[in-house]
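Peer 1: My questions will all concern the structure given below.
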Amino acid sequence: MPRPTKSRIRPRKQPTQRRAQDTYDALLEATARVLVARGWSGTTTNHIAQRAGVSVGSLYEYFPGKEALVTALVERHLAEAEARIGELLSSLPSGELSLEALTRAIVTAMIDLHAASPRLHRVLSEEVPHGPEVRRRVRAMEENSARALAAVLPSLCPVKDPDVTARVVVELLEALTHRWLTTADAKPLPRERMQAELTRLIIAYVHAS
């Protein structure tokens with residue numbers, strides 16, 4: 001699939017007044033709902049405008065097409081994820097956390113990130129084409145998480161290579177929580193059971209390292 005040009009994926013204008021901001025937000029919310037209902041290929045600007053309760057002309061005042069709408073939606077979700085991960089990472093060096101308490105906090109945070117809107121998460125991650133900037137931001141979050149975890153692991157458990165152990169933990173949690181929520185043809189474990197199993201898995205791996 002050809003990569004959209006920047007003019008196709010950037011908003012035409014940013015809202016500066018409250019009413020315009022309300023329209024902008026309504027369009028992004030409608031985009032999320034239509035994506036969940038119809039998928040990437042079945043979504044059109046007509047569907048989005050109708051769901052938002054605005055004319056297609058009003059939609060085009062802000063966005064040149066569905067690519068720009070979805071890009072803005074993805075960037076909003078990334079910003080929320082970066083804020084939540086940043087809050088978790090900033091708390092790691094403080095306090096007297098045990099390995100079990102730290103692992104439980106990380107597992108809970110990862111599940112929260114994925115579980116907020118599981119069907120939307122699946123469409124955005126598996127159907128929507130992404131440019132290099134989105135992939136760069138996702139990778140940066142993973143690397144920041146791994147560095148922060150590597151810095152505190154030695155104080156909790158004698159690990160041979162904290163950098164490698166932390167990287168595996170972060171990538172393992174990302175992969176398993178993503179699959180847990182996005183596999184459509186399998187009944188997922190209940191959240192509490194999944195959290196418990198992931199916590200047990202990570203603690204066992206860290207001790208074995």
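The values are calculated or read from the model by the stated rules, or taken from the named source; none is laboratory data. Worth saying up front: this structure is predicted, and the values here are computed from it rather than measured. Quick reminder, even Gly has a Cβ in these numbers, built from the backbone with ideal geometry, and neighbours come from all protein chains shown. Keep in mind that these areas ignore ligands, DNA and RNA; they rest on the heavy atoms of the full protein, side chains included. Shrake-Rupley method; radii C 1.70, N 1.55, O 1.52, S 1.80 Å.
Peer 1: Kirkwood hydrodynamic radius of segment 112-209 from all distinct Cα pairs, in Å?
Peer 2: One over the average 1/r among Cα pairs gives 14.9 Å for segment 112-209.
Peer 1: Counting other Cβ atoms within 10 Å, which trypsin sites (Lys or Arg not before Pro) in segment 142-176 have at most 16 and lie in a DSSP loop?
Peer 2: Within segment 142-176, the qualifying trypsin sites (Lys or Arg not before Pro) (loop, at most 16 other Cβ atoms within 10 Å) are LYS160.
Peer 1: To test your reading of the geometry: what angle, between 0 and 90 degrees and rounded to tens, separates the Cα axis of helix 132-156 from the longest principal axis of the chain?
Peer 2: 20
Peer 1: Helix 191-208 sits at what angle to the longest principal axis of the chain, using alpha carbons and giving 0 to 90 degrees rounded to 10?
Peer 2: 50
Peer 1: Accessible area per residue of the chain at 1.4 Å probe, in Å²?
Peer 2: For the chain, the solvent-accessible area averages 57 Å² per residue.
Peer 1: Related question: Return the whole-Å distance between the Cα centroid of segment 16-60 and the Cα centroid of segment 70-146.
Peer 2: 25
Peer 1: Please work out, to two decimal places, the log10 of the ratio I(q)/I(0) at q = 0.10 Å⁻¹ from a Debye calculation in which every Cα of the chain carries one identical scatterer.
Peer 2: Evaluating at q = 0.10 Å⁻¹ gives log10 I(q)/I(0) of -0.53.
Peer 1: Any idea what angle helix 162-182 forms with the longest principal axis of the chain, computed on alpha-carbon atoms, 0 to 90 degrees, nearest 10?
Peer 2: Tilt relative to the chain: about 50 degrees.
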